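One structure below.
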Amino acid sequence: MQLASLGYGPFFSDSFESLARPDLVPARVTSHRGAHLLVAGAGAGAQRAEPSGRLRHELSSVELPAVGDWVALAPGARPDDLAIIHHVLPRRTALLRRAAGTRGEAQVVAANVDTFLVVTSANRDANPRRLERYLAAIAESGADAIVVINKADLCTADELAAVAAPLEASARGLPVVSVSAATGAGLAALAGAIRPGHTIALVGMSGVGKSSLVNRLLGDQRQAVAAIDDNDRGRHATTRRELMVLPGGGELPGGGVLIDTPGMRELGLAEDHGGVAASFDDVLDTARACRFRDCRHAGEPGCAVATAVDDGALDPDRVASFHKLEREVAAAERRANPVLAARAKQRWKAVHQAQRARKKVDPKLGT
Ligand code: GDP
Ligand code: ZN
């Protein structure tokens, strides 16, 4: 296995080199069950690994190695020994979600995905609000997104256009492509994302055809992958590989990397540092014209968002979706860490006060 085919490139090799640890090697986490990880690197196939005691002690749950992470590890002395992970290399992207049924603590669904395929189905009501939720989480992760309308074989061109229109409105310029996992039609449009060294992942509601798409992308390799992991050193037989190198075939070049974790199937927004804003730039652009800087667009006088909705310039459902996601993010952040949230607020308050003070001294520093 070549490191490059697993997605290794300058972004990660620069961090690895800067560690200056000739005793360690780079590897990528391919699956994750509790403290036990499978990693792949140059040379031999999958290897079992675990974070060093120091990492487990120092890193928070979202910082610990997740599927897709690049790590620096000390290989086990003998083939059956656990490799020890000493560093998690800085992530290019990280998709977070709130852990189900817990205090809203965030989990990393997948690290270092380059492009998410957000899959919907042509024969069911494709919900633009749900799409906005996915796109906001993906924008927040730092990755690109392509909206994929699957099951195009079940529709006429006119029907397909009718399904695509509202999704295109929510996609804000991101590509929207129609494909069929059943016939392979349209998959060539994904060749830009599914290419050597580039990491993709599929998200979307169940039933839209994600597994069918994955099977098509994997060709007959899926069986082979399962067979390798079933023989994976006895008692760890149930560990499933969640990061795979695609073989290519048909219209697609080989060598793309696919991440398919159980957590990928269900997403909530955990944190937001601009993902919601990036997905709702039209609402935020409009909101700049609101009379009050902190307008909540909930009936305040001089609200430009309300005017735009009245004029038909903004879709009221889209504005509601924006509010809902913002509330959800705020609630998740408060639940996840009330102390941190309060501290962050204080810090920003101090920053803003300092800015205001500077502006008074030098009016040229205005907004
Ligand atoms: P998942 O839950 O998103 O993984 O969806 P599946 O891959 O399990 O697919 C759900 C159902 O849709 C299955 O019965 C598939 O055979 C069917 N399906 C998936 N892709 C297509 C497609 O492109 N065309 C048609 N006609 N059916 C499809
Ligand atoms: Zn307003």
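When Asp285, Asp315, Asp294 are screened for being at pLDDT below 85 and within 16 Å of ligand 2 (Cβ to nearest atom), only Asp294 passes.
Can you find even one residue in segment 128-137 that is within 15 Å of ligand 1 (Cβ to nearest atom), open to solvent by 60 Å² or more (accessible area, probe 1.4 Å) and on the phi < 0 side of the Ramachandran plot? Among the residues of segment 128-137, at least one is within 15 Å of ligand 1 (Cβ to nearest atom), open to solvent by 60 Å² or more (accessible area, probe 1.4 Å) and on the phi < 0 side of the Ramachandran plot, which makes the answer yes. Taken over segment 122-161, the criterion of being assigned to a helix (DSSP H, G or I), within 20 Å of the chain's Cα centre (by Cα) and among the hydrophobic types (A, V, I, L, M, F, W, C) is satisfied by Leu131, Leu135, Ala136, Ala137, Ile138, Ala139. Given the structure, is Ala188 more than 20 Å from the chain's Cα centre (by Cα), more than 27 Å from Pro10 (Cβ to Cβ) and either within 16 Å of ligand 2 (Cβ to nearest atom) or without any contact (Cβ under 8 Å) to a residue 60 or more places away in the chain (or both)? Answer is no for this residue. If only residues of segment 296-315 that are part of a loop (DSSP other than H, G, I, E, B) and either at negative phi or within 16 Å of ligand 1 (Cβ to nearest atom) (or both) are counted, the one that is most open to solvent (accessible area, probe 1.4 Å) is Arg296.
Within the set of pairs 6+ apart or on separate chains, which have a first residue in segment 271-292 that is not assigned by TED's automatic domain parsing to the domain that holds Ser170, a second that is near ligand 2 (Cβ under 10 Å from one of its atoms) and at pLDDT 90 or above, and C-beta atoms under 6 Å apart? Hits for this filter: Thr286/Ala304; Thr286/Val305; Thr286/Ala308; Ala287/Val305; Ala289/Ala304; Cys290/Cys303; Cys290/Ala304; Arg291/Gly302.
For (1) in a loop (DSSP other than H, G, I, E, B); (2) at pLDDT below 85, each residue gets a yes or a no:
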position	(1), (2)
Ala189	no, no
Arg216	no, no
Ala224	no, yes
Arg241	yes, yes
Gly263	no, yes
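The values are calculated or read from the model by the stated rules, or taken from the named source; none is laboratory data. For clarity, every value in this text was computed on a predicted model and none was experimentally measured. Virtual Cβ from ideal backbone geometry, glycine too; neighbours counted across all protein chains shown. Heads up: the accessible areas ignore ligands, DNA and RNA and are worked out on the full protein's heavy atoms, side chains in. Shrake-Rupley method; radii C 1.70, N 1.55, O 1.52, S 1.80 Å.
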